[in-house]
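The values are calculated or read from the model by the stated rules, or taken from the named source; none is laboratory data. As the structure is a computational prediction, the values presented were derived from the model and not from experiment. Methodologically, a virtual Cβ is constructed for each residue, glycine included, from the backbone with ideal geometry; neighbour enumeration extends over all protein chains shown. Calculation scope for accessible area: heavy atoms of the full protein, side chains included, ligands and nucleic acids excluded. Shrake-Rupley method; radii C 1.70, N 1.55, O 1.52, S 1.80 Å.
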Amino acid sequence: MHHFDVETLKPGRWRNGGGATREIASRPVGAESFGWRASVADIDREGPFSAFGGVDRTLTLLAGDSVLLTSPGVFERLPARTGEPVTFSGDLALSAELPGGSCRVLNIMVRRGDWRARVRRVAGRVAPPSGHAGVFYVLSGSWQTGENAHVLAPGQGVWWDEDDSAPEEGIPPLSPDAVALWADLTSTG
């Protein structure tokens, strides 16, 4: 498992100036196009979202009031609330509204037909299945990873590749207020 702290990940500004992205992981490394990608984005202003053809996306609000996604003729004002994953096609031309100002989101993207993502809010032990990749992001409380009993706090997490060995004991919560997001990523190829 690979540890990360969002605050130490280098932000990259969006071309349209509407926000910044902090990449957690992108696989395979060095490939022209990713199979799966996990990042945290700070959305600073309303405007268009970039389209990603052939990609399925799951967006989860981490901080801020809400982000309202709109795609004329497909869906209107799909709200994203804190900790509730919203899945949509990356092919859509989307606009984002920020009724309460700027926000932060976890963005999981998978290449359609090659990978499948299931993002859930969890409050109990997570046992990553063998042969799956994944991302685990702490929303509140504290959690422990198997190796070296590393403790994770909000804004921290771990990610792993499908060929990494998952700890048998999984990732247990250490406090009663522990809540996290778990993205289970499965290769379909």
Distance between modelled label sites at residue 188 and residue 3, nm, 7 Å Cα→Cβ extension:
3.5
Cα gyration tensor shape of segment 77-189, rounded if a/c is under 1.5, else prolate or oblate by comparing a/b with b/c:
oblate
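When the gyration tensor of the chain is built from Cα positions, what are the square roots of 5 times its three eigenvalues, in whole Å, from largest to smallest? Before the final figure, lay out each step's value.
Values: eigenvalues 141, 75, 43 Å².
Its equivalent ellipsoid spans semi-axes of 27, 19, 15 Å.
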Measure off, as a whole percent, the carbon and sulfur share of the 1.4 Å-probe accessible area of the chain, all protein chains present.
48
Hey, if we sort 109, 1 by accessible area with the 1.4 Å probe, largest down, what's the order?
1, 109
Pull out a ≥ b ≥ c, the square roots of the eigenvalues of the alpha-carbon gyration tensor of segment 94-145, then state rounded if a/c is under 1.5, prolate if not and a/b is larger than b/c, and oblate in the remaining case.
oblate
Among 54, 17, 170, residue whose mean-square fluctuation peaks in a GNM of the chain (springs only between Cα atoms under 10 Å):
17
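At 1.4 Å probe size, with every protein chain present, just tell me what the per residue accessible area of the chain comes to in Å².
On the way: 8930 Å² over 189 residues.
That works out to 47 Å² per residue.
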Would you mind telling me which residue in 135, 55, 126 has the biggest mean-square fluctuation in a Gaussian network model of the chain, where springs connect alpha carbons within a distance under 10 angstrom?
126
The distance between the Cα centres of segment 31-77 and segment 138-189, in whole Å, is 23
Regarding segment 42-123, what's the average projected area of the Cα-atom convex hull, expressed in nm²?
5.3
